[in-house]
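K.L.:
Dropping the structure in here first, questions after.
The values are calculated or read from the model by the stated rules, or taken from the named source; none is laboratory data. None of these values were measured; they are calculated from a predicted model. All Cβ positions, even for glycine, are placed from backbone atoms using ideal geometry, and neighbour counts span all protein chains on display. For the accessible areas, the whole protein counts, side chains as well, though only heavy atoms, and no ligand, DNA or RNA atoms are used. Shrake-Rupley method; radii C 1.70, N 1.55, O 1.52, S 1.80 Å.
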Amino acid sequence: NFRGAPCCYSFEKIIPYDDFTYGLARDHQDGVRIYLLDKSEANLVFSNDQDDKISLIDHGLLEEFYYFIYKDRIELFRFSGGDLETYEFNDPLPLNRSRKEALSMSKYGLTIIPESKTESLQFFNLSTKRFETRSPSLNREHTRVQLDSFILFTTYENRQGKLFSHNILSDEVHFLHSGENEEIEFIPKNSLLFFGDGEELFVTKGQPNNTYFMMEYRSSMLSTILSYQRNNKVHILFEDYSDTLHYNKLDWNMGIVEDYLVPSDTFPSFIDHFYRINEDELLFMTPWCFTKVNMRNDSINKFEMRAARNLTLDSANVYFLERWLKSFNYETEEVSVLSETFISSNLSGLPIHKVNDSLFYFIGFSGSHQETNSGL
């Protein structure tokens with residue numbers, strides 16, 4: 001069954017053919033249809049559905065909303081208000097031409113990546129509710145990532161990789177970085193881009209004056225980065241090539257303002273989240289325990305938390321699911337049960353979304369992963 005679809009699909013047969021995979025499927029509306037899948041057979045790329053009612057080609061989770069992209073519209077579910085917003089297109093998207101890789105979604109709108117360098121970008125602005133033409137700065141051959149209003153991409157000429165950012169709102173292209181004889185590697189995290197050029201590791205949010213050096217670079221450490229932003233500050237946790245765990249605090253106006261080396265015998269493996277509790281303490285979270293570390297004297301305090309999942313944080317608590325919805329107060333170290341009802345174990349690994357003290361959203365399933373599609 002296709003994950004994330006607005007109705008149930010049951011694939012009768014998967015047919016590999018050259019670079020494409022076709023699926024013969026049934027649904028509960030019109031019977032048999034044929035679908036074009038990507039190589040992982042996890043994302044629907046194109047459907048022969050003539051009425052375009054369920055031609056879902058992409059979906060994803062952003063910090064503020066959950067979105068579905070169709071041939072004739074975008075649908076957004078905003079966690080802040082619990083409302084479904086629909087933005088309709090005057091002309092249907094050419095999905096049989098554009099493929100999934102040609103679309104990029106951010107909180108400002110949908111970007112359609114052109115086939116060639118001579119074609120212009122098409123940007124569907126969620127504010128104006130219409131398509132706007134942008135300069136042809138990149139095409140589908142470029143390595144790229146979208147961060148809010150910026151699309152960052154690389155070019156390679158004369159054995160030199162160059163990193164650029166294209167501001168979709170202002171239609172300006174900025175040069176950010178270049179590296180000799182090495183491809184620039186990307187790892188996007190929470191509207192940030194960490195990138196390495198073979199020698200050094202940098203972090204940027206797309207603006208030319210907001211790109212900062214972090215440390216010497218080796219590609220094996222890129223997958224260990226955790227980060228979050230709050231009040232124009234960025235908090236970063238990463239493990240370097242010598243297996244040393246770093247905590248960095250980044251001020252966008254000043255650069256790296258704190259660099260703390262976490263004692264090697266304090267941090268657990270499989271850290272899912274971390275949080276700067278106050279001026280002195282960090283909190284590390286795993287499904288098995290929470291660990292508080294004092295950065296002034298390196299003291300630690302561990303709290304056992306069995307099967308804590310779907311974590312999210314605010315200034316006072318970490319919220320998590322462990323049979324019931326619970327909270328852990330950083331200062332009092334008290335665990336409170338917030339829900340009276342047992343919550344099903346059929347949940348995805350996505351964080352809880354807190355709207356206020358009494359309203360939470362999370363992504364779950366109405367049954368097993370194999371039997372049903374996901375729901376909210």
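K.L.:
In the range 128-148, which residues are farther than 13 Å from residue 171 by Cα, modelled with pLDDT of 85 or more and assigned to a loop (DSSP other than H, G, I, E, B)?
P.N.:
Once the filter is applied, which keeps residues that are farther than 13 Å from residue 171 by Cα, modelled with pLDDT of 85 or more and assigned to a loop (DSSP other than H, G, I, E, B), the range 128-148 yields 128, 129.
K.L.:
Being assigned to a loop (DSSP other than H, G, I, E, B) and among the acidic types (Asp, Glu) is the filter here, so list the residues in the range 263-321 that pass it. Show your work before the answer.
P.N.:
Residues of the range 263-321 that are assigned to a loop (DSSP other than H, G, I, E, B), as a first pass: 263-272, 277-280, 286-288, 295-299, 305-308, 314-316.
Passing the criteria: 265, 272, 279, 280, 298, 314.
K.L.:
Another question, if that's okay. Starting from residues that are in contact with a Leu (Cβ under 9 Å, 6 or more places away or on another chain), in contact (Cβ under 8 Å) with a residue 40 or more places away in the chain and not in a strand (DSSP E or B), keep the ones in the range 149-177 and report whichever is surrounded by the most Cβ atoms within 10 Å (Cβ to Cβ).
P.N.:
Top of the filtered list is 168.
K.L.:
Quick one: is residue 125 surrounded by 14 or more Cβ atoms within 10 Å (Cβ to Cβ), of a type outside the set (Gly, Ala, Ser) and modelled with pLDDT of 90 or more? Write out each step before concluding.
P.N.:
Values: surrounded by 14 or more Cβ atoms within 10 Å (Cβ to Cβ): yes; of a type outside the set (Gly, Ala, Ser): yes; modelled with pLDDT of 90 or more: yes.
Against the criterion (surrounded by 14 or more Cβ atoms within 10 Å (Cβ to Cβ), of a type outside the set (Gly, Ala, Ser) and modelled with pLDDT of 90 or more), residue 125 qualifies.
K.L.:
Across the range 188-211, what is the total count of residues that are surrounded by fewer than 20 Cβ atoms within 10 Å (Cβ to Cβ) and either without any contact (Cβ under 8 Å) to a residue 24 or more places away in the chain or in contact with a helix residue (DSSP H, G or I) (Cβ under 8 Å, 6 or more places away or on another chain) (or both)?
P.N.:
Going through the range 188-211 one residue at a time, the tally reaches 4.
K.L.:
Name the single residue, out of those in the range 138-148 being touching a Phe, Trp or Tyr at 6+ places or on another chain (Cβ under 9 Å) and either under 25 Å from residue 228 (Cα atoms) or of a type in the set (Asp, Glu) (or both), that is surrounded by the most Cβ atoms within 10 Å (Cβ to Cβ).
P.N.:
Here the answer is 144.
K.L.:
Got a number for residues in the range 322-370 being at pLDDT 85 or above, in a loop (DSSP other than H, G, I, E, B), among the small types (Gly, Ala, Ser) and open to solvent by less than 70 Å² (accessible area, probe 1.4 Å)?
P.N.:
Here the count works out to 1.
K.L.:
Just name the residue that is least open to solvent (accessible area, probe 1.4 Å) out of those in the range 178-187 that are among the charged types (D, E, K, R) and assigned to a strand (DSSP E or B).
P.N.:
Pass one, the range 178-187, residues among the charged types (D, E, K, R): 180, 182-183, 185.
Narrowing further to those that are assigned to a strand (DSSP E or B): 180, 185.
Values: 180: 135, 185: 75 Å².
Checked the range 178-187; the qualifying residue least open to solvent (accessible area, probe 1.4 Å) is 185.
K.L.:
Restricting attention to the range 301-321, which residues are modelled with pLDDT of 90 or more and aliphatic (A, V, I, L, M)?
P.N.:
316, 318
K.L.:
Quick check on residue 256: is it modelled with pLDDT of 90 or more, open to solvent by 20 Å² or more (accessible area, probe 1.4 Å) and either closer than 22 Å to residue 216 by Cβ or more than 26 Å from the chain's Cα centre (by Cα) (or both)?
P.N.:
Yes: the conditions hold for residue 256.
K.L.:
Need pairs with beta-carbon distance below 7 Å; first residue farther than 24 Å from residue 87 by Cα and within the range 113-128, second open to solvent by less than 40 Å² (accessible area, probe 1.4 Å); sequence gap 6+ or separate chains.
P.N.:
These pairs meet every condition: 115/139; 116/139; 117/139.
K.L.:
For residues that are surrounded by fewer than 16 Cβ atoms within 10 Å (Cβ to Cβ) and in contact with an Asp or Glu (Cβ under 9 Å, 6 or more places away or on another chain), scanning just the range 212-222, find the one that is modelled with the highest pLDDT.
P.N.:
213
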